[in-house]
Amino acid sequence: MVNKSVRKKDSESLLSGKPVYMEDMIFHKDVLTLKALRSPYAFAKIRNIDVETAKKVPEVVDIYTYKDVPYNRFTECCESYTEASPYDRCLLEPLLRYVGDEVAIVAAETEEAAEKALKLIKVDYEVLEPILDPRIAEGHSSIIHPEEDIFCSFPYGHNHLKNIVSEFNYGKGDVDEEFKNCDVIIERTYKTQAQSHCMLETHRAYTYIDANGRIVIISPTQTPYHMRRQVCRAIGIPASKVRLIKPRVGGGFGGKKIALVEPFAAFVTWKTGRPCKFIYTRNETFTSTNTRHPIIFDVKIGADKEGNIKAIEVNSLNNAGAHGGDSVIITMEAAQNSLPTYNKVPAIKYTGKTVYTNLQPGGALRGYGATQGTFALDSAINELSVALDMDPVEVKLKNTIRAGEVGGIVHNTIRSFNIERCIERGKELIGWDEKYPRKEVGYNKVRGIGMALGTHVSGVAGIDKSGVSIRLVEDGTYMMLTSSGDTGTGSDTILSQIAAEALNTSVDNIQILAGDTDACPYDTGAFASSTTYVSGNAVIRAAKEMETLVLKSAEKKLNIPAATLELKEDRVCLRGNEDVFVTLQTLAEDSQAGPDYPILIASASSGITESPRPIMAGFAEVEVDKITGEVKLVDYVAVIDCGTVINPNLAKIQAEGGLTQGIGMAMFEEVIHSDTGKLMTNNFMNYNVPNRKDIGNITVEFQPQYEPTGPFGAKSLGEIVTHTPSPAIASAIYNAVGVQIRDLPITPEKVYKAMKEKELNNVVNKAI
């Protein structure tokens, strides 16, 4: 079952339109609709709020303000406990920190009544001076979080009274000393923009109280257990009083692991005893959730004339927005998932600072900081290669890590890292040797090619953990229970393939129940590229436990030692003589009656001690119009080592989707705010998501190297695929027309302006 393109387990239900999403599961007829009144100001204090007139609207049940909710600090970031996130949120507060922040929550019998009530709430705001530029945030007179009860569990320099979320230092060696040994040194500044998740299903939750007086939350979250924990903290009830059920997730990309709608819906249900639904509009999903963190990087890099990089120094400034959330780790991962690729460099220094501003909060988005860090680092190395007059492929091969290395800034031994073959094959597929660096293709068109490298992790070593239970059903098939979250990636199918391989059966004999905190064991959830590696290892352990139980039962049934038996698809038979057997159905039926046979259910967990690194080489070919600055992506080639590919078809689709998001970040997508902090790109008409014609031809190929710590040799794939498009495309544009764009996205306007400035400089230089 491994390395087979098995069809997704939910493909038929999705294609036939069967009810699988949260809104399909609302069965209460008396469900309340929740709506939020949101702040029109980037920074303001509520002097007074009057809801009495609004409460008189027919069918309005209640309206909640900061005066009516518990004042419990939580973090909207739903990650592994203990999080490196400041607990800087409450359900509602009198201080509003960005345009779109929650002012009040209306609960009504109908959406129409809720909308009418929103217009009748009277609020007297004291408008404060907002901070919209992260470069002026530290020590600014406007303190975004003046409250005294904020705390962060880790000593990462959190100082909310100075608007500092965190500070982080990372590296090795003495960069100042190594820069003295450099023949070429360049210093550049790179900027990555905020990017929206653009999942098809908006944020939503449905809550009710069950027959036992417990709150049930149905939420398309990526992290069921962590979401439950933050909800419980926000409303002040124990975890034993809450059950969370994860239905099919209609896209997440990191955006469905934040506690936004769930705490409010659970709170109103707890207060009223009524079922509630809180469904964000598309506008709210743009304005009042999270984006990718925009980060500014100052990079200094030096090498000798042979291309050996001696020192890398990076200073970053991360814009967290109104709440800390994931930003602490994003700042860290911008370094820890980019710089290790160049572990051979003698001296590396990274300094990262994260600050609060009065913009919507940043959060987890596929790539999780490494996408931003890779753009800055690999763009700098591409520019260094130009300064050295060397092929960037040669420079990178001289300075990148290889399998077997450990030490420096790499904490675990690199057991698999097929970087040379990924680069070699990528060059072949893009035609690097024939096309580099450019080729004229018409009167005003020129083509250029560029490349970049990207790495990531497979879960978070020492933190991430997964539990899995498998039971034998009375018909001789298996039921697997896990809290891993399939966000549309097909991970339920992948884990079923791993279970089937371990149990020597087919995927059709594996049923899966995922994401019910009452029934399924704990799992970290779908983030940090952890599902296949972390949850997959737990699946193998549980499957081996199940095999042991089944063989012991067969031993008793056949009166034959278990050591001489083997597990087959639907039976246990004598090794070497399949005429001697007992069916799994018989064993399952026997286990359900009498004292002779135990019920066949096995559970196991896996907590990881290593986090192996996938590697990807990305190659871009662009066509640039020298008159208008228009850039077309002609070809993109991605060659990836993600270890054993469990399902080649799903892996290819996963890679293509991630590359498309990376291309969107490189060339099209940008979250734009007005000079008062209002989001301007708040729908799909004005937020520029690339369509199929925009992304050119994408070629994905795998060059797997077996990872000994992974399930059947697998590593992660989900996030690495967003990393390389931005630096590769930026380099390709430079090779085509000689201008380097360091501020994403790379738009025709920026290219045109840079070309005109280059022409003017050439004229001035000639005149001089």
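The values are calculated or read from the model by the stated rules, or taken from the named source; none is laboratory data. The shown structure was predicted, so the numbers you read here are calculated from the model rather than taken from an experiment. Neighbour counts are summed over all protein chains in view; Cβ atoms, including those assigned to glycine, are modelled from backbone coordinates with ideal geometry. Accessible surface areas use protein heavy atoms only, side chains included; no ligands, DNA or RNA. Shrake-Rupley method; radii C 1.70, N 1.55, O 1.52, S 1.80 Å.
Could you please let me know if residue 352 is touching a strand residue (DSSP E or B) at 6+ places or on another chain (Cβ under 9 Å), at negative phi and among the small types (Gly, Ala, Ser)?
Values: touching a strand residue (DSSP E or B) at 6+ places or on another chain (Cβ under 9 Å): yes; at negative phi: yes; among the small types (Gly, Ala, Ser): yes.
Answer is yes for this residue.
Within region 721-750, restricting attention to residues that are farther than 21 Å from residue 299 by Cβ and either in contact with a Phe, Trp or Tyr (Cβ under 6 Å, 6 or more places away or on another chain) or not charged (D, E, K, R) (or both), which residue is surrounded by the most Cβ atoms within 10 Å (Cβ to Cβ)? The qualifying residue surrounded by the most Cβ atoms within 10 Å (Cβ to Cβ) is 721. Of the strands (runs of 3 or more DSSP E) lying entirely inside region 555-640, the ones with 2 or more residues being within 34 Å of the chain's Cα centre (by Cα) are found at 601-607, 615-625.
Every test in (1) in a loop (DSSP other than H, G, I, E, B); (2) open to solvent by 40 Å² or more (accessible area, probe 1.4 Å); (3) of a type in the set (A, V, I, L, M, F, W, C) is passed by residue 198 save one, and that test is (2). Evaluation of residue 236 against the conditions (1) in contact with a Gly (Cβ under 8 Å, 6 or more places away or on another chain); (2) open to solvent by 10 Å² or more (accessible area, probe 1.4 Å); (3) within 22 Å of residue 150 (Cβ to Cβ) shows that the sole unmet condition is (1).
Tell me which residues, restricted to region 1-58, are of a type in the set (Val, Ile, Thr), in a loop (DSSP other than H, G, I, E, B) and either open to solvent by 70 Å² or more (accessible area, probe 1.4 Å) or closer than 30 Å to residue 359 by Cβ (or both). I'd like the intermediate steps shown before the answer.
Quick first cut of region 1-58, residues of a type in the set (Val, Ile, Thr) only: 2, 6, 20, 26, 31, 33, 46, 49, 51, 53, 57.
From the residues that got through so far, the ones that are in a loop (DSSP other than H, G, I, E, B) too are 2, 6, 20, 26, 31, 51, 57.
51 - this is the single residue of region 1-58 that is of a type in the set (Val, Ile, Thr), in a loop (DSSP other than H, G, I, E, B) and either open to solvent by 70 Å² or more (accessible area, probe 1.4 Å) or closer than 30 Å to residue 359 by Cβ (or both).
Residue pairs whose Cβ atoms lie under 6 Å apart, sitting 6 or more positions apart in sequence or on different chains, and linking a residue in region 527-538 that is within 13 Å of residue 257 (Cβ to Cβ) and touching a residue at least 40 places away in the same chain (Cβ under 8 Å) to a partner that is among the aliphatic types (A, V, I, L, M) and open to solvent by 10 Å² or more (accessible area, probe 1.4 Å), are 528/460. Residue 144 satisfies every condition listed in (1) surrounded by fewer than 20 Cβ atoms within 10 Å (Cβ to Cβ); (2) assigned to a loop (DSSP other than H, G, I, E, B) except (1). Residues that are closer than 30 Å to residue 391 by Cβ and not hydroxyl-bearing (Ser, Thr, Tyr) number at least 2 in the following strands (runs of 3 or more DSSP E) confined to region 408-521: 438-440, 445-455. Applying the condition of being out of contact with any Asp or Glu (no Cβ under 9 Å at 6 or more places or on another chain) and open to solvent by less than 30 Å² (accessible area, probe 1.4 Å) to region 497-518 and asking which residue is nearest to residue 549 (Cα to Cα) yields 499.
Looking across region 549-565 at every residue that is in contact (Cβ under 8 Å) with a residue 24 or more places away in the chain and under 22 Å from residue 469 (Cα atoms), the one that is most open to solvent (accessible area, probe 1.4 Å) is identified as 549. Do we find a residue being touching a Pro at 6+ places or on another chain (Cβ under 8 Å) and open to solvent by 20 Å² or more (accessible area, probe 1.4 Å) anywhere in region 708-715? Yes, there is a match, as at least one residue in region 708-715 is touching a Pro at 6+ places or on another chain (Cβ under 8 Å) and open to solvent by 20 Å² or more (accessible area, probe 1.4 Å).
For residue 221, the requirement of being surrounded by fewer than 24 Cβ atoms within 10 Å (Cβ to Cβ), within 23 Å of the chain's Cα centre (by Cα) and closer than 30 Å to residue 15 by Cα is not met.
Across region 219-271, the number of residues qualifying as within 27 Å of residue 37 (Cα to Cα) and without any contact (Cβ under 8 Å) to a residue 24 or more places away in the chain comes to 1.
Within region 1-17, residues that are farther than 17 Å from residue 496 by Cα reach no partner that is open to solvent by 30 Å² or more (accessible area, probe 1.4 Å) and of a type in the set (Ser, Thr, Tyr) with beta carbons closer than 6 Å at six or more positions or on different chains.
Which of the following residues is under 30 Å from residue 81 (Cβ atoms), at pLDDT 95 or above, open to solvent by 10 Å² or more (accessible area, probe 1.4 Å) and β-branched (Val, Ile, Thr): 371, 413, 351? Working first, answer last.
On the way: 371 fails: open to solvent by 10 Å² or more (accessible area, probe 1.4 Å); 413 fails: at pLDDT 95 or above.
When all the criteria are applied, what remains is 351.
Quick test of your reading of the structure: residue 155 fulfils all but one of (1) open to solvent by 60 Å² or more (accessible area, probe 1.4 Å); (2) within 25 Å of residue 326 (Cα to Cα); (3) in contact with a strand residue (DSSP E or B) (Cβ under 6 Å, 6 or more places away or on another chain); (4) assigned to a loop (DSSP other than H, G, I, E, B). Name the failing condition by number. With (1) open to solvent by 60 Å² or more (accessible area, probe 1.4 Å); (2) within 25 Å of residue 326 (Cα to Cα); (3) in contact with a strand residue (DSSP E or B) (Cβ under 6 Å, 6 or more places away or on another chain); (4) assigned to a loop (DSSP other than H, G, I, E, B) applied to residue 155, the lone miss is (3).
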